[in-house]
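Structure first, commentary second.
Please treat every number below as a calculation from the coordinates, not as lab data. Computed from a predicted structure; not experimentally measured. So basically every Cβ, Gly included, is an ideal-geometry build from the backbone, and we count neighbours across all protein chains shown.
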Amino acid sequence: MISEHEKMLSEIFSVSEELYKDMSDSIKETDHSKIFEYITMLGKTLSESDRTSFWKWDKRTHTLWTAAAVGAERIVIPDNTGLVGKALAEERVIITNDPYSDPDFNSEVDKKTGYVTRSVLVLPVSDVNGEFIGAYQAINKLGGDGRFTEEDCRRLSLAAVICGIALESEVFMEDSHRDKLTQLKNRMGFYSDFSRRYLKLIDSGTPFALLMCDIDKFKRINDTYGHNAGDEVLKYTAEILTDCCLENDGVYRWGGEEFIMIMCGADKQTGIDKAEEIRVKVMDSVCHAEGKDITLTLSFGVSVYDPARTIEENVSSADERLYVAKESGRNRVVS
């Protein structure tokens, strides 16, 4: 007869084996989310709990969201709420075996789903420098008296450490894909998104438009108002482009004062209309920087992605149209 200890070891080895196979498969694409999923499953076994989740702390947006959740849907909450937020704010492990009496416990999910939470364990997770970047949560201890103890913390520490290492790697990669000034993704982020996200749309036959734009006479802005004002103009432009994006679109800082926008499911005319909308919005607005009111305009090149050509060739096509827009007077859209 298999003992409970042997059964747990078998489950741990099964999860480890599946993770190893996925990581070793050169054909199958494995990303951090898959790692988080496996390690969260491992934590469920280690802590003998009904549900487990690994939370990522997005300090840029001040939110906490479940990078992986076993037994529940993805959840996004403000980073100053809930037991996860409390564990990170106080930088300590949180154990509650009477959550409905805890003022920091968020019972809204239970009210919506009918789930009953009886016990909660939260371990804050840090990077190698000791900075907290996420948290591991276990809900409803199975067996025994149904209460989490320090022994469960000891068991979960392995899964928490592995998730912390994986999350730190992901954060480092995300930072390398993001422009620090505008907070848009950069050229590296563009190519990463293209291979992981947009390429799938192309394979499914979904069309999309490429909009490349450039701030007109940006050097003159820098020379007249200073580089700090120039930085504010770049951030201002990035904000307008982002605000004009739909949920499935993407905006990237291509380099210097150039930006590129991808519109999913858009034909050429839709792309032209969007570019014209942004052009007019920028032209009619004022950027307040360094105590000055700065007016600016954008030039656009618009093309539709051609699946018979490489992504570099498609970007060049939009860039060529942008060049024509600049050479023919600026503050216009060329397709």
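Of note:
- Checking every one of the GluC sites (Glu not before Pro) in the range 263-305 against DSSP loop status and a limit of 14 other Cβ atoms within 10 Å picks out Glu290.
- Long pairs among Lys59/Lys185; Lys44/Lys86; Lys44/Lys180, criterion Cα-Cα beyond 27 Å: Lys44/Lys180
- Most fluctuating residue given options Leu246, Leu121, Leu158, as computed from a GNM of the chain linking Cα atoms under 10 Å: Leu246
- Estimated D of the range 209-335 in µm² per second, where Rh is the Kirkwood radius over Cα pairs and Stokes-Einstein applies at 4 °C, 1.567 mPa s: 88 µm²/s
- Of the GluC sites (Glu not before Pro) found in the range 187-260, the ones in coil according to DSSP and having at most 11 other Cβ atoms within 10 Å of their Cβ are Glu247.
- Max mean-square fluctuation residue, GNM over the chain, Cα-Cα springs under 10 Å, options Glu151, Glu170, Glu108: Glu108
- As a calculated quantity, the FRET efficiency between Arg60 and Asp145 at R0 = 45 Å, using C-beta atoms, amounts to about 0.65.
- Ranking of Thr63, Thr96 by neighbouring Cβ atoms within 10 Å, starting from the fewest: Thr63, Thr96.
- Ellipticity estimate at 222 nm from DSSP helix runs (n ≥ 4, -39,500 (n - 2.57)) divided over the chain, nearest 500: -14000 deg cm²/dmol
- ³J(HN,Hα), Karplus 6.51/-1.76/1.60, whole Hz, each residue of the range 301-307, x for Gly, Pro: x, 10, 9, 9, 4, 9, x
- Sorting Leu181, Leu167, Leu298 by the number of Cβ atoms found within 10 Å of their own Cβ, with the fewest placed first, yields Leu181, Leu167, Leu298.
- Charges were assigned to the Cβ only: +1 to each Lys and Arg, -1 to each Asp and Glu. The resulting dipole of the range 187-334 about its Cα centre is roughly 160 debye.
- Considering every alpha-carbon pair of the range 135-203, the percent of pairs per 5 Å bin, from zero through the bin containing the longest distance, is 3, 13, 15, 13, 11, 11, 9, 9, 9, 6, 1.
- Order of Val128, Val304, Val315, Val84 - criterion: other Cβ atoms within 10 Å of each residue's Cβ, fewest first: Val128, Val304, Val315, Val84
- Charged side chains reduced to their Cβ positions (Lys and Arg at +1, Asp and Glu at -1) give the range 54-99 a dipole of some 180 debye around its Cα centre.
- In the range 177-241, trypsin sites (Lys or Arg not before Pro) in a DSSP loop with at most 14 other beta-carbon atoms within 10 Å: Lys180
- Three-way shape call for the range 68-213 based on the alpha-carbon gyration tensor, with the a/c threshold at 1.5: prolate
- Charge dipole (the chain, unit charges on Cβ, about Cα centre) - positive-most of Ala69, Cys153, Met173: Met173
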